[in-house]
Amino acid sequence: MKRRTLPVAAAFAASAALLLTACGGEDDTSKDSDKIAGAGQSAEGSASPSAAASDSVERPEVTLPKDIDNVFENWKTGDATKDAVLADVTRRVNATDAAISAGDPDSDGIKFYYKGEALIGAVEWVQGYAKDGRSITGTTRYFKPELKVVDKDTAAVAYCSDESKAYDKDRKTGKADKTAATKNSYVTYSARLQKNDQGVWQTTSLLSERGNAKCTP
């Protein structure tokens, strides 16, 4: 099973917290206390917001290795603002996985898509992997996104992840720590985002919980 636990960030503003109460049903949500994670490519039948949302922002190049395959399911709404938010969530997730794979907590992608306490948590998260000589491999599926645009510069997103086919691996040997899937292979996430002067939706708060019934099959 992929990732270790890491408490992240402070509580959301009340308006955002109201959104993030469930990760099941038609959309989804999240809770608290677990990890920062990443992901990045799109699945068939669910075009990647990051690929669809073109803009003039000069963004850092983020490249995932071939053994990391991240899938986003149904991450398009048809609303330009919401899709821009979701696109930057996928880019942030991409950047995190790329930084873990490279063992680079000071990566441009991390600094570009995180801010404040979430940035501190992301750097510590990547540092932990690098210090332990660990990396990641496999497929992570991100699904059931729920989004609320609080105002023109603030949004809240909740979503689920399936890490049943994603694993930690030894950086030197490349050997994956494969274990059987359990309810803890499924994670709920709650993120708060703020749009900066460039128009980038940066993650300022990120909370998660493993094994929440809202995301488990």
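The values are calculated or read from the model by the stated rules, or taken from the named source; none is laboratory data. Everything numeric here is computed off the predicted structure, so don't read it as measured data. Glycine gets a Cβ as well: all are built from the backbone with ideal geometry, and neighbour counts include every protein chain shown. Heavy atoms of the whole protein, side chains included, go into the accessibility calculation; ligands, DNA and RNA do not. Shrake-Rupley method; radii C 1.70, N 1.55, O 1.52, S 1.80 Å.
Conditions tested, residue by residue: (1) surrounded by fewer than 20 Cβ atoms within 10 Å (Cβ to Cβ); (2) within 15 Å of residue 90 (Cα to Cα).
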site: 155; (1), (2): no, yes
site: 158; (1), (2): no, yes
site: 166; (1), (2): no, no
site: 172; (1), (2): yes, no
site: 179; (1), (2): yes, no
site: 186; (1), (2): no, no
site: 190; (1), (2): no, yes
site: 211; (1), (2): yes, no
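Taken together, the residues in the stretch 61-76 that are open to solvent by 80 Å² or more (accessible area, probe 1.4 Å) and within 22 Å of residue 215 (Cβ to Cβ) amount to 2.
Among the residues making up the stretch 89-113, a single one is touching a residue at least 40 places away in the same chain (Cβ under 8 Å), hydroxyl-bearing (Ser, Thr, Tyr) and surrounded by fewer than 23 Cβ atoms within 10 Å (Cβ to Cβ): 107.
Conditions (1) under 15 Å from residue 81 (Cβ atoms); (2) touching a strand residue (DSSP E or B) at 6+ places or on another chain (Cβ under 8 Å); (3) small (Gly, Ala, Ser), marked per residue:
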| residue | (1), (2), (3) |
| --- | --- |
| 150 | yes, yes, no |
| 166 | no, yes, yes |
| 192 | no, yes, no |
| 197 | no, no, no |
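Checked against (1) surrounded by fewer than 22 Cβ atoms within 10 Å (Cβ to Cβ); (2) closer than 19 Å to residue 99 by Cβ, residue 149 passes all but condition (2).
May I ask you to list the residues in the stretch 156-193 that are hydrophobic (A, V, I, L, M, F, W, C), without any contact (Cβ under 8 Å) to a residue 40 or more places away in the chain and assigned to a loop (DSSP other than H, G, I, E, B)?
Restricting attention to the stretch 156-193, the residues satisfying the condition of being hydrophobic (A, V, I, L, M, F, W, C) are 156-158, 160, 166, 176, 180-181, 187, 191, 193.
Subsequent filtering for residues that are without any contact (Cβ under 8 Å) to a residue 40 or more places away in the chain retains 176, 180.
Within the stretch 156-193, 180 is the sole residue that qualifies.
The rows are residues; the columns are (1) at pLDDT 95 or above; (2) of a type outside the set (A, V, I, L, M, F, W, C); (3) within 15 Å of residue 217 (Cα to Cα).
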| residue | (1), (2), (3) |
| --- | --- |
| 128 | no, yes, no |
| 142 | yes, yes, yes |
| 156 | yes, no, no |
| 181 | no, no, yes |
| 187 | no, no, yes |
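How many of the residues making up the stretch 96-110 are closer than 12 Å to residue 125 by Cβ and not in a loop (DSSP other than H, G, I, E, B)? Qualifying residue count for the region: 5.
If I filter the stretch 114-146 down to residues being part of a strand (DSSP E or B) and of a type in the set (Val, Ile, Thr), which single residue comes out as most open to solvent (accessible area, probe 1.4 Å)?
Quick first cut of the stretch 114-146, residues part of a strand (DSSP E or B) only: 114, 134-146.
Going one step further and asking which of them are of a type in the set (Val, Ile, Thr), we end up with 136-137, 139-140.
Working: 136: 3, 137: 23, 139: 48, 140: 0 Å².
So the residue we want is 139.
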